[in-house]
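The values are calculated or read from the model by the stated rules, or taken from the named source; none is laboratory data. Since the model is a prediction, treat every value here as computed from it, not as a measurement. Here the Cβ positions follow ideal geometry from the backbone for every residue, glycine too, while neighbour counts run over all protein chains shown.
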């Protein structure tokens, strides 16, 4: 990890562990090398740093280009692996940025739903994650977070909440087992990923 990323992760760990009593389940399921898509549900602006704190490896994140308009925000965000993307045009810039970093062997966090849920329920996924998997062949690590919609909701005031993050098992999609039509294949992948996220429960899995 680069020094600034490590420092930011340390501060985040202090905040989440001591104030929110953060619990991370099965972080050992994270592939430690090679490209991987971290696919999580999305409840709050707290989700990216929260997942980064739990992760055993350095992650890359996507941030709106407008967040980088000041020199100081550009410096801070760039130092903790936030990649500036132009999210106009149905997010094409964001998808290309994800593909680029995956081809470099990095771990990239994305939210298949594309927006934050207001009530904590999972939303329908967008097909972007399917397109990314078809383009890169990278494995997908499903992740689910709980409590961030209480700590920092989409609307209204937040409050202290118990936060939990669970890592699922890596998913691998073989292109020759998917329909030839890319849109159909992308939809199948997106739906499978969301089913795996939905199946995660906030607890340790029993040993098989």
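Residue 26 - would you say it is in contact (Cβ under 8 Å) with a residue 12 or more places away in the chain, within 21 Å of residue 122 (Cβ to Cβ) and surrounded by fewer than 18 Cβ atoms within 10 Å (Cβ to Cβ)? Give the derivation first.
Working: in contact (Cβ under 8 Å) with a residue 12 or more places away in the chain: yes; within 21 Å of residue 122 (Cβ to Cβ): yes; surrounded by fewer than 18 Cβ atoms within 10 Å (Cβ to Cβ): yes.
So residue 26 passes the test.
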* Structure fact -> Within the stretch 11-52, the residues that are within 14 Å of residue 111 (Cα to Cα), touching a helix residue (DSSP H, G or I) at 6+ places or on another chain (Cβ under 7 Å) and in a loop (DSSP other than H, G, I, E, B) are 41, 43, 44, 46
* Give the residue that is farthest from residue 97 (Cα to Cα), with candidates limited to residues of the stretch 31-43 that are touching a strand residue (DSSP E or B) at 6+ places or on another chain (Cβ under 8 Å) and surrounded by fewer than 21 Cβ atoms within 10 Å (Cβ to Cβ). => 31
* Given the structure, is residue 197 buried (at least 18 other Cβ atoms within 10 Å of the Cβ), over 18 Å from residue 50 (Cα atoms) and touching a residue at least 24 places away in the same chain (Cβ under 8 Å)? -> no
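Among what's in the stretch 113-167 and is in a helix (DSSP H, G or I) and out of contact with any helix residue (DSSP H, G or I) (no Cβ under 7 Å at 6 or more places or on another chain), pick the residue that is farthest from residue 52 (Cα to Cα). Break it down stepwise before answering.
First pass over the stretch 113-167, keeping only residues in a helix (DSSP H, G or I): 128-136, 148-151.
Those left that are additionally out of contact with any helix residue (DSSP H, G or I) (no Cβ under 7 Å at 6 or more places or on another chain): 149-151.
On the way: 149: 17, 150: 19, 151: 17 Å.
Looking at the filtered set, the residue picked out is 150.
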* **Index of the failed condition, residue 146 passing every other in (1) touching a strand residue (DSSP E or B) at 6+ places or on another chain (Cβ under 8 Å); (2) surrounded by 20 or more Cβ atoms within 10 Å (Cβ to Cβ)** => (2)
* Given (1) without any contact (Cβ under 8 Å) to a residue 60 or more places away in the chain; (2) touching a strand residue (DSSP E or B) at 6+ places or on another chain (Cβ under 8 Å); (3) not in a helix (DSSP H, G or I), number of the condition residue 1 does not satisfy -> (2)
* Scanning the stretch 164-187 for residues that are closer than 15 Å to residue 27 by Cβ and touching a strand residue (DSSP E or B) at 6+ places or on another chain (Cβ under 7 Å), which turns out surrounded by the most Cβ atoms within 10 Å (Cβ to Cβ)? -> 165
* Top-ranked residue of the stretch 53-109 - restricted to ones that are within 20 Å of residue 186 (Cβ to Cβ) and assigned to a strand (DSSP E or B), ranked as modelled with the lowest pLDDT -> 85
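Among residues belonging to the stretch 126-139 that are surrounded by 24 or more Cβ atoms within 10 Å (Cβ to Cβ) and in contact with a strand residue (DSSP E or B) (Cβ under 9 Å, 6 or more places away or on another chain), point out the one that is nearest to residue 20 (Cα to Cα).
Taking the stretch 126-139 and keeping what is surrounded by 24 or more Cβ atoms within 10 Å (Cβ to Cβ), we get 129-130, 132-133, 138.
Imposing the further condition that a residue be in contact with a strand residue (DSSP E or B) (Cβ under 9 Å, 6 or more places away or on another chain) reduces the set to 129, 132-133, 138.
On the way: 129: 30, 132: 33, 133: 34, 138: 32 Å.
In this case the residue turns out to be 129.
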